[in-house]
Amino acid sequence: MVYLKFQIPTTVVLSLIYVVYVLAGGAIFWYLEGNQLEENSRIFDRKKVELLEQFSCIEQHALENFAQQIIWAYKSGVVFRGNRTLHGFWQFSTSAVFSATVVTTIGYGDISPTTTSGQLFCVLFALFGIPLNVVVLNRFGKFMLSIEQRTSAYFGQKINRRKTARVVIAGISFLIGMTMFIFIPTYAFHTFENWNYQEAFYFTFITLATIGFGDYVAGNNPDIIYPFWYSQVVAVWIFFGLAWLSLVINLCIEMLEKLGTYFKQRQLDSLENKTIEETVEEPGPVEPGEETSA
C-alpha cells in the first residue's frame, strides 16, 4: 500500500501562528483600551465645555488654535510652567540620550529634530550608527555568553556534572541579569521619576525591547530636578541592558528551534516506524508451486 504524506511547510505554520498572534493581541488591546479611550473623550469634551462656560469671551475656534500651539510647543521641546518658559529638551545630556535612542532604534518619539539640517544629520547618523550598534551589542552579548559558558564548564568539571552545572549557571546568570537590568532599574525609576512600580517596570521592558512608545520617558519631567549623572547612567543601562536582553532572546530562539527540531524528528521517526511495521505485516505474493496441499 502506498501512502501519500503531505506536510505543511514550517514557514507557513509559523506565518499563520504569527498572524493569529498579532490579530489576537489587537483584539485584546481593543477590548482593554477601547472603552478607556471613549471615557477619556467624554472627559475631555466635558472639560472643554466647562472651560468655555467659565470664560465665555473665548471662542471655541481660538481655544482649538491655542491647543494646537501647545501641542506644537511640546513636540518642539518647549516646556512652560506658569508665566515662564523652561529649558526644553535639547541640552547636552538629553541630546546624548536621544543619540542612544536613535542608534538602538528605540525612538521614544517625545523628542525629534525639527530643523532641516538636524533631520538630515539624523538620517546620516542612524545610517552608520545602527549597524555599529548591532555589531557592538553582538560582541558584548557573545562576551557575556562566553563568561557564562566558561563558568559552567569550570564548575561542571569540578562536580563532574556538566549538564547540571550548565543549567544551574544559566539560571543564576538569568537571575543576575534580571536583577541588574530589570529589578534595580524599576526601583530606580520608581524613586527618581515618581512612577509606581507597574509604570516603572513597563517603561523598563518597553525600553529594552526597543519598542519605545514614548508615553513614559526617563529624565523628561520638568518638575523634577535630576542628578547630573542621571542621563548618563540611563544611557549606559540602555546599552548593556540591550546586550543582555538580545542574548536572552537569542537563547530563547535557539531553544525553540531545538524544540521544533526535536518534535519534527520524533514525527519522522514515528512515520518511519509505522511504515516499517506495515511493510513487515503486509503478505508478499504467492509464487506458483508454493501452495500447500491439505
* Structure fact -> Ordering 173-179, 189-195 by per-residue average of other C-beta atoms within 10 angstrom, highest first, gives 189-195, 173-179
* To do: Label region 118-205 by shape, choosing from rounded, prolate and oblate, from the square roots a ≥ b ≥ c of the eigenvalues of the Cα gyration tensor; if a/c is under 1.5 it is rounded, and otherwise prolate applies when a/b is larger than b/c, oblate when it is not.
  => oblate
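Over region 130-238, give the accessible area per residue in Å² for a 1.4 Å probe, as an integer.
65
Can you work out D for region 164-245 in µm² s⁻¹ from Stokes-Einstein, where Rh is the Kirkwood radius over C-alpha pairs, the temperature is 10 °C and the viscosity is 1.306 mPa s?
Roughly 117 µm²/s, to the nearest whole number.
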* Which links in Lys158/Lys264; Lys163/Lys258; Lys142/Lys264 stretch past 26 Å when you go from one Cα to the other? -> Lys158/Lys264; Lys142/Lys264
* For Ser117 and Asp215, what does the FRET efficiency come to when R0 = 30 Å and r is the distance between their Cβ atoms, rounded to the nearest 0.05? -> 0.55
* Structure fact -> Taking a crude spin-label model, label points 7 Å out from Cα along the C-beta direction, the Asn273 to Gln149 distance in nm is 3.4
* Which stretch or stretches of region 33-51 have amide N atoms under 14 Å from the point lying 7 Å from Gln60's Cα along the Cα→Cβ direction? -> 45-51
* Asked: Considering every pair of different Cα atoms, what Kirkwood radius, in Å, is found for region 113-264?
  -> 18.1
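For Tyr216, Tyr187, give the ranking by accessible area with the largest first, probe 1.4 Å.
Descending order: Tyr187, Tyr216.
The values are calculated or read from the model by the stated rules, or taken from the named source; none is laboratory data. Note that this is a predicted model, so its numbers are computed, not measured. Here the Cβ is made from the backbone with ideal geometry for all residues, glycine too, and neighbour counts use every protein chain on show. Accessible surface areas use protein heavy atoms only, side chains included; no ligands, DNA or RNA. Shrake-Rupley method; radii C 1.70, N 1.55, O 1.52, S 1.80 Å.
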